[in-house]
């Protein structure tokens with residue numbers, strides 16, 4: 001994947017970066033606030049990343065554009081808030097949400113990994129996926145992913161596992177019967193232990209505190225477990241309803257535009273107030289002029305493609321809902337009839353604790369077996385070993401790069417994230433992110449551009465910077481980094497143009513004013529190439 005062009009703007013001001021090359025690009029300036037971060041963040045935002053622009057930049061006012069190549073295929077993307085317009089091979093598609101755009105990216109451009117999240121498998125969002133090659137200037141935290149919130153560190157690691165060849169064992173019919181029999185046996189043993197525990201005289205309040213699996217606790221845990229299944233089912237149903245509503249609206253829009261097409265063929269539609277024959281179609285945040293039949297036909301094709309894609313999503317959601325419903329029905333049947341059956345405590349706390357510990361282990365085993373049945377596969381010993389080796393190989397590569405930067409360095413990386421509160425001083429943080437990005441590139445063998453905003457952050461020494469540039473200029477991936485030079489470095493022309501290095505100087509930009517009215521006309525021409533009449537606001 002190679003980025004060819006980055007741009008952003010509106011009807012009043014714009015900026016276009018079209019000087020990028022397929023190898024190492026260094027966007028630099030002699031001072032801060034020259035627009036380097038805005039360009040890099042604009043690139044990632046155009047590709048579907050979460051907005052992490054500097055405070056004070058009103059990104060919702062602007063259209064963001066990127067042109068990139070994957071092999072022989074060229075893609076042009078325009079984003080305004082949550083609306084994406086994509087052009088490829090003279091075909092134009094409109095996507096009204098990041099979720100829809102994600103479905104386009106997956107398979108058409110590259111394959112997004114699937115991870116287990118909140119009890120179901122889901123396609124990862126671009127914001128998590130892009131962390132394998134993007135290091136931003138803001139929100140840097142060695143103990144966390146950049147876009148923490150919905151996703152956690154464990155999701156990033158799980159994503160890395162899913163990008164390899166797993167060796168999970170698919171469950172056969174015989175294994176299903178064996179697992180169900182095992183679950184039944186363990187439940188029977190739990191029931192016996194509970195009856196034995198019930199004969200021991202313990203004050204209920206003491207038991208509730210002392211025993212992790214007191215019958216009261218078991219009841220509450222079971223209630224939480226079943227509630228979790230129900231909540232997951234509810235969320236899937238809501239999601240399916242939203243997709244169905246979107247399909248209905250899209251089908252109504254097709255009918256409306258088709259009707260408009262017939263109206264234009266039979267006569268001219270004009271505005272009753274001003275007499276203009278310009279007709280606009282607004283897709284969330286982007287307006288399109290549909291007075292032209294070719295433009296209108298292109299939009300109709302995009303909408304019909306979206307309807308097909310959403311019907312596929314609805315079908316997948318329906319399958320997940322049916323599986324959840326079956327699981328919920330099964331669990332409700334297994335639930336005991338009354339709460340009173342759980343409140344049976346006796347004396348003899350030591351004996352009761354022995355029962356309690358065994359019950360705890362059995363319930364954990366039952367939960368693990370039930371998850372295997374729901375997932376349809378087991379985590380084989382080979383898979384556990386593979387996962388351990390995945391991380392060890394990444395750590396090994398991180399440490400190898402670190403030794404290239406500092407042969408006498410004392411740091412040894414043993415995790416993709418540091419412990420909370422553990423910090424690296426000075427340039428160590430930047431070295432951590434640099435080594436991590438390169439190690440992931442080597443291990444995954446991906447062809448995405450390595451994008452590092454402010455790659456010298458933390459006062460990287462000149463010697464280490466030269467080693468970094470030597471490494472970055474020697475890989476096959478496109479590289480886009482930014483750097484702020486000291487005045488004496490800028491005067492002596494620190495970054496020289498060569499076959500492997502493409503310096504891009506931003507020093508001539510006004511402070512905090514990279515956007516300029518002089519670029520608006522060219523920006524408008526670029527958007528007109530989509531041939532769907534995008535109207536700049």
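The values are calculated or read from the model by the stated rules, or taken from the named source; none is laboratory data. These numbers come from a predicted model, not from an experiment. Methodologically, a virtual Cβ is constructed for each residue, glycine included, from the backbone with ideal geometry; neighbour enumeration extends over all protein chains shown.
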Being surrounded by fewer than 19 Cβ atoms within 10 Å (Cβ to Cβ) and either closer than 30 Å to residue 481 by Cβ or modelled with pLDDT under 80 (or both) is true for just one of 218, 166, 197. Which residue is that?
166
Just to be sure, is residue 294 out of contact with any helix residue (DSSP H, G or I) (no Cβ under 7 Å at 6 or more places or on another chain), modelled with pLDDT of 70 or more and over 20 Å from residue 122 (Cα atoms)?
no
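Inside the stretch 501-522, can you point out the residues that are assigned to a loop (DSSP other than H, G, I, E, B) and touching a strand residue (DSSP E or B) at 6+ places or on another chain (Cβ under 6 Å)? First the steps, then the outcome.
Taking the stretch 501-522 first, the residues assigned to a loop (DSSP other than H, G, I, E, B) are 506-509, 511-512, 514-515.
Those that are assigned to a loop (DSSP other than H, G, I, E, B) and touching a strand residue (DSSP E or B) at 6+ places or on another chain (Cβ under 6 Å): 506, 507, 514, 515.
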Checking the condition buried (at least 23 other Cβ atoms within 10 Å of the Cβ) and either in a strand (DSSP E or B) or outside the structural domain of residue 445 (by TED's automatic domain parsing) (or both), which residue from 27, 40 passes?
27
Over the stretch 58-71, the set of residues crowded, with 17+ Cβ neighbours inside 10 Å and either in contact with a helix residue (DSSP H, G or I) (Cβ under 8 Å, 6 or more places away or on another chain) or farther than 28 Å from residue 496 by Cα (or both) is 59, 62, 63, 64, 65, 66
Any chance you could count how many residues in the stretch 470-512 are in contact (Cβ under 8 Å) with a residue 40 or more places away in the chain and within 17 Å of residue 38 (Cβ to Cβ)?
12
Expected single match for closer than 22 Å to residue 143 by Cβ, surrounded by fewer than 18 Cβ atoms within 10 Å (Cβ to Cβ) and modelled with pLDDT of 85 or more among 438, 416, 391, 405 is 391
